[in-house]
Amino acid sequence: MEYKGVDFYLLDNLFTEEEKAIRDTVRDFVNEQILPIIEKYNQEMKFPMHIVPQMAELGLFGPTIPAEYGGLGLNYTTYGLIMQELERGDSGIRSFASVQSSLVMYPIYTFGSEEQKKHWLPKLAAAEKIGCFGLTEPDFGSNPSGMITKAEKVEGGYVLNGAKMWITNGTIADVAVVWAKLDGKVKGFLVEKGTKGFYAPETKGKLSLRASVTSELVFEDCLIPEENILPNSSGLKSPLMCLTQARYGIAWGVTGLAMECYNTALNYSLSRIQFGKSIASFQINQQKLAVMLTEITKAQLLNYRLGKLIDEKKMRPQHVSMAKRNNCEIAKNIASTAREMLGANGILDEYPIMRHLNNIESVKTYEGTHEMHTLILGQDITGISAFE
Ligand code: TGC
Ligand code: FAD
């Protein structure tokens, strides 16, 4: 059955023709290029690299970056809709786009020199170069301020020592945006593939986000040239600003994941017969569908308003935390309920639900865990930090 999206509150009436056209183009791309292949890549624990040039051609990398640097200069609602459609395909595909756009192009655009912007951004938009973002360390995940990776000033540049962990695209990246302490203050560095003393081994054994490359980054006396420091980065606030961008994309992305699980459960329940009737006719299943649709609609409304707040420059990071926290939680619940509604068939790879259910475990964890976003909101409400 043709997928038509989920739009109970007629939000389509609020999107512009351009926003809808771009969303539909990405939806078609997902239907034609991702859904037919993704289970295989997921099972083989590989990222489908061959789709990246097509994604670049569609303008899916850095879509909000101005055209003079290779982006499309689109608004944040459109960026969100792109992420919604990509994650309906798979969280690993959305992750690839999130990292390239929000965690690599955004920091170069925001904290980079004019030379860095001109050199890197068009290549990243065209996917001639792939990037990754290294903040998390083996001993510092939720609390990146404790990071021990450090840079020391030497003649002509900086020497970098330390390690990062759980880095999306690390092994396949041409350039890593790495956050390290220089004289005790966090700064961003562009570490290029092939730099002596830089290794990026792939993390094996993941049971979630399998169609995505995850890596460790190791820096052993890496000499980083002077021109590769991000000159306008300043303190932990700089990487946290990047996280706000990526968290926004995740809020939309997981809504797409939830829409796909809901749609699959709805179609299945209408056709599956038990006790002489479709299982959709039983009250308990109708309640499940009603709750799923309500939660999707609430998530869509959060996303819609959040996009406007960003475009109107009224967004605070706490607004994004609320949407990331809520939407990951409801997506996880919806994927789990959808799995139940398919009975035994729910565990088969013939349906996308089990893959989404496994993926959401990563998505709920990265970019700030559910608990971190709860505490961010708690601090905003009370003025009291409960992190320590
Ligand atoms: P804190 O003192 O609160 O803040 C330091 C400065 O930063 C400002 N700030 C933010 N600015 C922009 N966006 C945000 N989200 C911000 N959060 C804080 C803050 O106002 C302050 O500014 P200033 O001017 O006063 O200096 O810092 P803290 O050390 O107490 O940390 C707070 C905490 C715990 C919320 C933060 O560390 C945090 O968010 N932790 C979670 C870590 C996290 O999310 N890691 C994600 C790693 S990247 C990743 O997962 C990529 S997955 C990609 C994929 O595959 O899709
Ligand atoms: P911890 O910080 O050790 O937390 C463990 C548990 O304790 C969590 O439940 C947490 O909520 C809880 N906890 C911690 N502190 C508190 C507290 N103060 N109060 C209450 N509860 C608390 N990072 C990058 O930098 N770049 C990437 O590209 C990237 N990609 C990733 C891809 C995947 C597939 C995954 C799984 C992770 C990725 N990450 C990346 C790392 C991710 O951001 C971290 O895993 C996340 O921030 C949590 O850190 P942690 O795993 O060390 O958990």
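Distance between the pseudo-spin-label points of residue 154 and residue 371 (7 Å out from Cα toward the beta carbon): 3.9 nm.
The relative contact order of the chain comes to 17 percent, based on Cα pairs under 8 Å that sit 6 or more residues apart. By the equivalent-ellipsoid construction on the alpha carbon gyration tensor, the stretch 319-388 comes out with semi-axes of 31, 10, 8 Å, ordered largest to smallest. Cα centroids of the stretch 369-388 and the stretch 116-189: 27 Å apart. Straight-line reach from residue 298: taking Cα to Cα under 14 Å and skipping same-chain neighbours fewer than 8 places apart, the aspartates and glutamates in range are 7, 329. Prolate is the label for the chain, because the ratio a/c of its alpha-carbon gyration tensor axes (a ≥ b ≥ c) is 1.5 or higher and a/b is greater than b/c. Do any of 117/181; 123/181; 20/193; 181/332; 204/313; 20/204 go past 31 Å between their Cα atoms, and which? From 117/181; 123/181; 20/193; 181/332; 204/313; 20/204, over 31 Å: 20/193; 181/332; 204/313; 20/204. Here the gap between residue 21 and residue 301, fully extended at 0.36 nm per residue and compared with their Cα-Cα distance, gives a gain of 98.8 nm.
From least to most packed, judged by other beta carbons within 10 angstrom and beginning with the fewest, 179, 166, 252 follow the order 166, 179, 252.
Neighbour counting of Cβ atoms within 10 Å sorts the residues 325, 316, fewest neighbours leading, into 316, 325.
Taking a ≥ b ≥ c as the square roots of the eigenvalues of the Cα gyration tensor, an a/c ratio of 1.5 or more together with a/b larger than b/c marks the stretch 48-120 as prolate.
Between residue 133 and 168, 177, the built amide H atoms are under 5 Å apart, and every one of these is 5 or more places off in sequence or on another chain. Placing pseudo-labels 7 Å out from each Cα toward the beta carbon at residue 344 and residue 123 gives an inter-label distance of 5.4 nm.
Reported to the nearest whole Å, the Cα centre-to-centre distance from the stretch 302-320 to the stretch 31-102 is 22. Using the Cβ-Cβ distance between residue 333 and residue 312 with R0 = 41 Å, the FRET efficiency computed as 1/(1 + (r/R0)^6) comes to roughly 0.85.
Distance distribution P(r), the stretch 86-208, all Cα-Cα pairs, bin width 10 angstrom from 0: 12, 42, 37, 8, 1 percent.
Kirkwood Rh over alpha-carbon pairs of the stretch 87-130, then Stokes-Einstein at 4 °C and 1.567 mPa s: what D in µm² s⁻¹, rounded to an integer? Here the translational diffusion coefficient equals 119 µm²/s.
The calculated FRET efficiency for the pair residue 281 and residue 114, based on their C-beta separation and a Förster distance of 56 Å, comes to about 0.30. When the alpha-carbon atoms of the stretch 232-311 are used, the pair Rg, Dmax equals 18.9, 67 angstrom.
In terms of surrounding Cβ atoms within a 10 Å radius of their Cβ, 46, 196 rank from fewest to most as 196, 46. The modelled label-to-label distance between residue 67 and residue 145, using points 7 Å beyond Cα along the C-beta direction, is 4.3 nm.
Label the stretch 1-101 by shape, choosing from rounded, prolate and oblate, from the square roots a ≥ b ≥ c of the eigenvalues of the Cα gyration tensor; if a/c is under 1.5 it is rounded, and otherwise prolate applies when a/b is larger than b/c, oblate when it is not. The shape class here is oblate.
Read the figures in this text as sums done on the coordinates, not as results from a lab. Fair warning: this is a prediction, and the values are worked out from it, not measured in the lab. Don't worry about glycine lacking a Cβ; one is built from the backbone with ideal geometry, like all the others, and counts go over all protein chains shown.
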